[in-house]
């Protein structure tokens, strides 16, 4: 496919305008149609981008043969019916995370996209982040050594969601990052959390992920923190990495620090030695992540190829979320991830 694509963005709320902006500057996009039932949001996007088309009816856009693809940026509960309808109308689909509210619906979308030879992609945005991709490179080259732990903190005050808890809203980011970065997949998960308000939706949660290779993962997500923290620590037996997404300049820091243990005759004679070396901040591609998402989506459509974060990856992340949710509802019991 060589011709340019016409993209429809559904939902011009918090995230939608960012999607519109990045698709408008994509060289392979001929135009963008913005869809929202709130006329005020459409007026808002027209002031920012007078060249977009606006529409209040999703159905009318689906019936428009000029529209090649649909980008869904609406509440999670609407993802499945909207994506299914778009695929049935022959449109390629990009869905904001999480893909659907359950793995059954995610699998249905995946199979429908395959049946119709359409692209189905999930916006796991950090997989397209230049800093995260640099960390992937450092791990892949062996500079960090064997990974011992992955520790993530993703907290701030709000934004509260009405249809999903904090795991589905925030932990999905770190689960997708972890899935992208680590060579091994977790074999079990445990999660605890609490909801403080009348809707009882959990606003704080802690996830622990277990691996066969003696690695452990921990994710702390919270809508009630007075400060915004977006930090990941990855400990290898050679070096350690700190990724701070709030840091304006040195988002990645690599520390030549570690611990070595030498066991002598008995278990109580293990000698622990600490190694402290230099720290450096590697350079990385600073292209906006969402620009890379737009390029991946349009490129996959044009080349008729599977995107990096395709429907299969989306299903895997939903199954992880379901397992964590099961643990959360059962007082943190360990849930086996066999087969995910």
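The values are calculated or read from the model by the stated rules, or taken from the named source; none is laboratory data. Every value quoted in this text rests on a predicted model; they were computed, and no experiment measured them. Every residue, glycine as well, gets a Cβ built from its backbone with ideal geometry; the counts of neighbours run over all protein chains shown.
Points to keep in mind about this one:
- Taking the criterion of being surrounded by fewer than 18 Cβ atoms within 10 Å (Cβ to Cβ) and over 16 Å from the mean Cα position of the chain (by Cα), the residues of segment 74-87 that qualify are 77, 78, 81, 84, 85.
- The test for being touching a strand residue (DSSP E or B) at 6+ places or on another chain (Cβ under 7 Å) and either part of a strand (DSSP E or B) or at pLDDT 95 or above (or both) holds for residue 205.
- Filter result (touching a helix residue (DSSP H, G or I) at 6+ places or on another chain (Cβ under 8 Å) and within 14 Å of residue 242 (Cβ to Cβ)) within segment 126-138: 132, 135
- Spans of strands (runs of 3 or more DSSP E) in segment 1-76 with at least 2 residues under 20 Å from residue 314 (Cβ atoms): 5-10, 69-72
- Residue that is nearest to the chain's Cα centre (by Cα), among those in segment 88-106 that are assigned to a helix (DSSP H, G or I) and surrounded by fewer than 22 Cβ atoms within 10 Å (Cβ to Cβ): 103
- Scanning segment 107-141 for residues that are in contact (Cβ under 8 Å) with a residue 60 or more places away in the chain, out of contact with any strand residue (DSSP E or B) (no Cβ under 7 Å at 6 or more places or on another chain) and in a loop (DSSP other than H, G, I, E, B) returns 117, 124, 129.
- Taken over segment 142-160, the criterion of being on the phi < 0 side of the Ramachandran plot and outside any strand (DSSP E or B) is satisfied by 143, 144, 146, 159, 160.
- Residues of segment 208-221 that turn out to be surrounded by fewer than 18 Cβ atoms within 10 Å (Cβ to Cβ) and assigned to a strand (DSSP E or B), as a count: 3
- Residue list for segment 32-52, filter: out of contact with any helix residue (DSSP H, G or I) (no Cβ under 7 Å at 6 or more places or on another chain) and within 16 Å of residue 72 (Cα to Cα): 37, 38, 41, 42
- Screening segment 166-193 for residues that are touching a helix residue (DSSP H, G or I) at 6+ places or on another chain (Cβ under 8 Å) and in a loop (DSSP other than H, G, I, E, B) and picking the one that is surrounded by the most Cβ atoms within 10 Å (Cβ to Cβ) gives 186.
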